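Right, one structure below, let's go through it.
Just so it is clear, none of the values below were taken in a lab; they were calculated from the coordinates. All figures in this text were calculated on a predicted structure; none of them were measured in a lab. Neighbour counts are summed over all protein chains in view; Cβ atoms, including those assigned to glycine, are modelled from backbone coordinates with ideal geometry.
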């Protein structure tokens, strides 16, 4: 299995990004959705990003429509919702699958490294994966864990 920094993904505008661009940073990868009960977590994620970006935190949002059709829009619509409703300024990526045969390589890697209650599957929108400065996955969080609830883990990871 390749490491996190060997992977790539397309930003919501279609530009390709190598995850190596985030080497040395603490990364929080989140599968997102615009019409989910957890969607207000965008606000908390943005607050964490604002508070810790200068210290090396980056949050990567990956929209996904695999859970209850809660991300029906196209990439441009998703980007607008994130910016207008939640002021999202952290990197957002193209809509991806996080489970199944077409699962994006970032999620294949993270679910293999940090299996959850459902094994190597993502349970629902707003599942979060914390990656240390060394590119190694540190911890996985259930969708019900709010951004505020994982702040201490992020602070610890930033301090390493």
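Taken across segment 69-76, residues that are surrounded by 13 or more Cβ atoms within 10 Å (Cβ to Cβ), in contact with a helix residue (DSSP H, G or I) (Cβ under 8 Å, 6 or more places away or on another chain), without any contact (Cβ under 8 Å) to a residue 40 or more places away in the chain and not in a helix (DSSP H, G or I) do occur, with at least one present.
Please find, within segment 3-19, the residue that is surrounded by the fewest Cβ atoms within 10 Å (Cβ to Cβ) out of those that are closer than 19 Å to residue 112 by Cβ and touching a helix residue (DSSP H, G or I) at 6+ places or on another chain (Cβ under 7 Å). Selected residue: 8. Scan segment 78-87 for residues that are surrounded by fewer than 17 Cβ atoms within 10 Å (Cβ to Cβ) and touching a residue at least 12 places away in the same chain (Cβ under 8 Å) and jot them down. 85, 87, listed by residue number.
Of all residues in segment 15-23, at least one satisfies being within 17 Å of residue 111 (Cβ to Cβ) and touching a residue at least 60 places away in the same chain (Cβ under 8 Å). Between 96, 155, the distinction of being over 13 Å from the mean Cα position of the chain (by Cα) and closer than 25 Å to residue 43 by Cβ belongs to 155 only.
Within segment 127-152, the set of residues being in contact with a helix residue (DSSP H, G or I) (Cβ under 7 Å, 6 or more places away or on another chain), part of a loop (DSSP other than H, G, I, E, B) and under 16 Å from residue 40 (Cβ atoms) comprises 146, 147. Criterion applied to 141, 52 was being in contact (Cβ under 8 Å) with a residue 24 or more places away in the chain and closer than 20 Å to residue 153 by Cβ, and the one residue passing it is 52.
Inspect all residues belonging to segment 31-45 and state whether any of them is surrounded by 15 or more Cβ atoms within 10 Å (Cβ to Cβ), touching a helix residue (DSSP H, G or I) at 6+ places or on another chain (Cβ under 7 Å), outside any helix (DSSP H, G or I) and without any contact (Cβ under 8 Å) to a residue 60 or more places away in the chain. Within segment 31-45, one or more residues are surrounded by 15 or more Cβ atoms within 10 Å (Cβ to Cβ), touching a helix residue (DSSP H, G or I) at 6+ places or on another chain (Cβ under 7 Å), outside any helix (DSSP H, G or I) and without any contact (Cβ under 8 Å) to a residue 60 or more places away in the chain.
Put simply, of 49, 62, 90 the only residue that is touching a strand residue (DSSP E or B) at 6+ places or on another chain (Cβ under 9 Å), assigned to a loop (DSSP other than H, G, I, E, B) and crowded, with 16+ Cβ neighbours inside 10 Å is 90.
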